[in-house]
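Step one of this worksheet: look at the structure below.
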């Protein structure tokens, strides 16, 4: 397939590499020359604008930091919509708000281009290994068509419903993740302060009604799970500032539909505080530092 | 064994029946004559005070609504401590604050009686089926000794550490449970309002980082899990007012050790509102009603 | 003065009338023909675009619902910036985020037009009476220059600092207002539930450290202050949905500068719930209905 | 008058001195010999138990840290109730929960002693100057009778209603105070981070709907009000740990009557965090440190 790929950041670059590896022909665009060069070295063709990238392409994939960037590469000067061939499907893997997705899909539809939202989970590690999960919002026929492209980059390709539902799924998942991690942080810290061994407490939670991924796979208390960021100084993992972005999308989407998100709004402020305290680039489970005493935090 | 059992409420009665069934000899006390009579019919001996119950007993089990009740049967007129034989172990299965447990254990220790906190999870169903989980706080030797008694009433007997840690484990588990259920309620409601099918959203959460018992086993959105209270009008299950009690224990215990519990305090207010709205006797997952629109709530 | 006025809604219309009354010459634009006709009847000249309104104007005043609308009339086809004479000052009285203000001011500056943010407080009543407060962000010289125009529409013209600070002042005032009203609602309801006469409690607060405008001038408990919306079924006043808009601006502005707003985020969710419960068009003090029991709410 | 005074702490000692100064005859009891000696030096008579203090007294005044202490001096061995003459009024100026007040009043009533709750505001400074405010819960006749005693210690003697309402008034005032101070801290910090001069912002709030005692008299931002603790390193004033105690009383009282206190529960966690961060003995307005950036906090 001839694929245009726009956006070669931490996630986009390994995804583009994965497409190359599976034999697709790639034309790439990014503002960073260095990012582009690494793909060229791997066999991609470089061009100087999003519009140039999509001319002649059979599929378009975008992976960008926010809705403003997507809008810009779609509708800006020498942009995608002005240059893409009719009928070509545009797959946006950025994490953005569902309302923008619907707007972009409408714009694309007026000129005959299907638009698919396909945000991912799995992080840079999953992107490099080709094991990402794609949450896909698309009409059924379009979903069937794009599956083969997505399978080159990921392991689980989940159809969430019509266009926009991929973003809804991702936002809601990360909303509950941010809240649950906050709750596990609170309970683990309270338990330790009250005098139970954190490993024993974790064992209780994980075999009982308190069980969650945040506790049994990614426990925020240092030393409970050796492979978790908490046991490695909160390095790596899913950055606090990215969790903060996703909780912002959740609370803004909630506001747009008049839905309260009490726990989500509080969680957002906790991660905001964690970020303000200097943990923005650490794994989001570092939010537990708000709860543990200074002496404990220092001691480990 | 000759066992004294004090407190024959919704939980205590089936636990006492389970002890009888496994062949123990039981002397029981409760303020309710009716509750006592049901046990007598099953073979227990009735007496007129906690003190009378424990005279000659080899073990004492108490199962009461709050710390005040435990204090009263322990230290009140014709109470347990004034009548129990030295060396006899007192097992308290009530859910109360860890500080009270330590105080009671000290009182008992001065007269040579080991005191064990052994709160349960599993609800009235688990009590009737003998499949409760006991979270036990006790010295190792005492734990070994009481295991056989507890095994008559439950399936999992977990040693959490020294006296008091059983309550800590239970409180911390229910703290994280109350928070997580609140978070799942929020995310499921937001997703539905934004337009994703709740069953699909649930599927995404349960195979991703948003996974938790509150989502994959007990989802609060009606129709997602057929066996969950949400699909049966929130009847049965774990009552909102009991969750409220446990979150109150968590926030008071946190205050006593100077530990913040932001998410827990907010969750407590959400269940408080749910209770004030008339849901106090419904399953705690009815908290989702705070998030779903009136028309939806009516429709299902 | 020849003044162009764009945006003749609930607030804009009476402000435009006030300018006419003080002898200014007005050219007006609004999407609503009816709104325009009422101003024409009072002596204004109507035109068919923002651009047409500003041609030949000595001052431009805009009063619009959100930043998107301001962007559109400024930069859209036949917009203000493409048609305004160099040197003419643009006064925007809309309530929008400070970041957008700075962006608009930069755009205007590149073509030699000072841009002033001048959001108001005082509501539609104040607009009709010409007693609005203007919170003005502008360089000192520009502030001195626009004062005479603003004095035709308001009583207090406050210089808050450089461009953008008018919005910051308004957002921060309404942030603290929304929180304080929530707190007074909670305390008045708790006091009543515990058994103190709400009028006596209000008297205590107002002469003590609990004193605030939300308590001594606008108390949310019915019957405490006769002139407050609470004593008139929460009609009139400052609408819940407008408070919700302003708290949204506050939390988004906070996110943009990495500042936590715990109380503000929670207050936002409370007003969101109040709005979802059908109180969106009532005065924001109706948030107290979340705290008062159904029977009480009905009884009064 | 012959007055028995029990509890000579930071507040009790200056209150007892004020009674001596106005010519009353005082018999005092406290566990601290040093506290007792200072009163003896000023003319009081010392005794060795609460019971001994009240024998022959015409009034009893108690000023203690918590409900447990009040219970102990009332009902403990050689306590007040066993020794006080029938008809003598007991005035408790401690800040405790309204439910305990009602219980103590019932106990006292059974033996013919009126019980009055009369918590104070005004701090140690007000106690020393004799300018305290007393919030009094008492039947009308009892209130009339105790006024002369209270006027020796305070300036404003406010009748809040029947017994218990003095505590309700105090708890509700401090609930709204804790919330409002949190809100002002948030808005002042946000304004400063967005770029407005804190003194200008304070001026806007204080002449607008954001006005409150927390802003116009006790602003938490350093340098805004010279006489406020914020401008003196948060020394003196009303300690964070005392605000924490009062918010704890509010949330527990709310729980007892099934009333949600969302903002109060969040405020409690904020002061809890402030205390855990080492600010427990600083003025409660130090809660603003949670919102200001480290560099700012250091800089001032």
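Since every read-out is calculated from the coordinates, none of them should be taken as a lab result. Computed from a predicted model, the values in this text were never measured in an experiment. Here the Cβ is made from the backbone with ideal geometry for all residues, glycine too, and neighbour counts use every protein chain on show.
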Note the full-extension length gain between residue A:41 and residue A:257 as 0.36 nm times their separation in residues minus their Cα-Cα distance, in nm to one decimal.
73.1 nm
Percent antiparallel among DSSP beta bridges confined to region B:2-162, nearest 5, equals 10 percent
Rounded to a whole number, the mean other protein chain Cβ count within 10 angstrom for residues of A:273-286 is 2
Once the label point is set 7 Å along the Cα-to-beta-carbon vector, what list of distances in nm do you get between residue B:21 and its counterparts in the other copies?
5.6, 7.4, 8.3
So how tilted is helix D:240-256 from the main axis of chain D? Cα-based, degrees 0 to 90, rounded to 10.
70 degrees
With a Förster radius of 22 Å, plug the Cβ-Cβ distance of residue A:32 and residue A:2 into 1/(1 + (r/R0)^6) and report the FRET value to the nearest 0.05.
0.45
Take each of the peptides A:232-239, C:174-181, B:214-221, D:40-47, average the number of other beta-carbon atoms within 10 Å over its residues, and list them starting from the highest.
C:174-181, B:214-221, A:232-239, D:40-47
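Can you tell me, using C-alpha contacts under 8 Å and at least 6 residues apart, the relative contact order of chain D as a whole percent?
12 percent
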Connecting every pair of Cα atoms under 10 Å apart in chain A and solving the GNM, the largest mean-square fluctuation among A:286, A:267, A:193 falls on A:193
Please work out whether region A:73-219 counts as rounded, prolate or oblate from its C-alpha gyration tensor, where a ≥ b ≥ c are the square roots of the eigenvalues and a/c under 1.5 means rounded, while otherwise a/b larger than b/c means prolate and anything else oblate?
prolate
Mind checking which chain D residue has its Cβ closest to the axis relating D to C, and how many whole Å off it is?
D:212, 2
State, to one decimal in nm², a quarter of the convex hull surface area for the C-alpha atoms of region C:74-154, i.e. the direction-averaged projected area.
5.6 nm²
Can you order the peptides B:140-147, C:158-165 by their average number of other Cβ atoms within 10 Å per residue, highest first?
C:158-165, B:140-147
Expressed in nm to one decimal, what extension gain is obtained for the pair residue B:58 and residue B:151 from 0.36 nm per residue of sequence separation less their Cα-Cα distance?
31.9 nm
Diffusion coefficient in µm²/s returned for region D:2-162 by Stokes-Einstein, Kirkwood Rh over C-alpha pairs, 20 °C and 1.002 mPa s, is 141 µm²/s
Residue A:217-residue D:10 pseudo-label distance in nm [points 7 Å out on the Cα-to-Cβ vector]:
5.0 nm
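Can you pull the mean other chain C-beta count within 10 Å for peptide B:244-255?
Neighbouring Cβ atoms belonging to other protein chains average 4 per residue here.
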Take the alpha carbon gyration tensor of region C:79-122, find the square roots of its eigenvalues, order them as a ≥ b ≥ c, and report rounded if a/c is under 1.5; if not, report prolate when a/b exceeds b/c, else oblate.
prolate
Could you work out the relative contact order of region B:168-299, using alpha carbon pairs under 8 angstrom and six or more residues apart, expressed as a whole percent?
30 percent
Considering only the label points, 7 Å along Cα→Cβ from Cα, what distances in nm to one decimal separate residue B:128 from the same position in each other copy, shortest first?
5.5, 6.5, 6.7
FRET E, pair residue A:199, residue D:197, Förster distance 51 Å, beta-carbon r, rounded to 0.05:
0.50
For chain C, what number results from the quotient of the Cα radius of gyration and 2.2 N^0.38 Å?
1.08
What does the structure give for A:154-160 when I average, per residue, the other chain Cβ atoms found within 10 Å of the residue Cβ?
2
Cα gyration tensor of the protein assembly as shown, axes a ≥ b ≥ c as square roots of the eigenvalues: rounded (a/c below 1.5), prolate (a/b > b/c) or oblate?
oblate
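Quick one: of the DSSP bridges fully inside the protein assembly as shown, what percent are antiparallel, nearest 5? All intermediate terms of the calculation are to be shown ahead of the outcome.
On the way: 18 of 114 bridges.
Within the protein assembly as shown, antiparallel bridges account for around 15 percent of the total.
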Cα convex hull volume per residue for region B:114-179 (Å³)
71 Å³
Could you state the number of Å between the C-alpha centres of region B:181-203 and region B:258-293?
17 Å
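Counting DSSP beta bridges in chain D, what percent are antiparallel, to the nearest 5?
Details: 4 of 28 bridges.
Close to 15 percent.
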May I ask for the distance between the Cα centers of region A:103-150 and region B:30-68, given as a whole number of Å?
64 Å
Mean residue ellipticity at 222 nm from the helices of the protein assembly as shown, using -39,500 (n - 2.57) per DSSP H segment of n ≥ 4 over the full residue count, to the nearest 500 deg cm²/dmol?
-14500 deg cm²/dmol
Please give the direction-averaged projected area of the C-alpha convex hull for region A:168-299, in square nanometres with one decimal.
7.9 nm²
Below 8 Å between Cα atoms, with a sequence gap of 6+, how large is the relative contact order for region D:1-139 in percent?
22 percent
How far apart are the residue B:145 label points across copies, placing each 7 Å from Cα toward Cβ, in nm, shortest first?
5.6, 7.6, 9.1
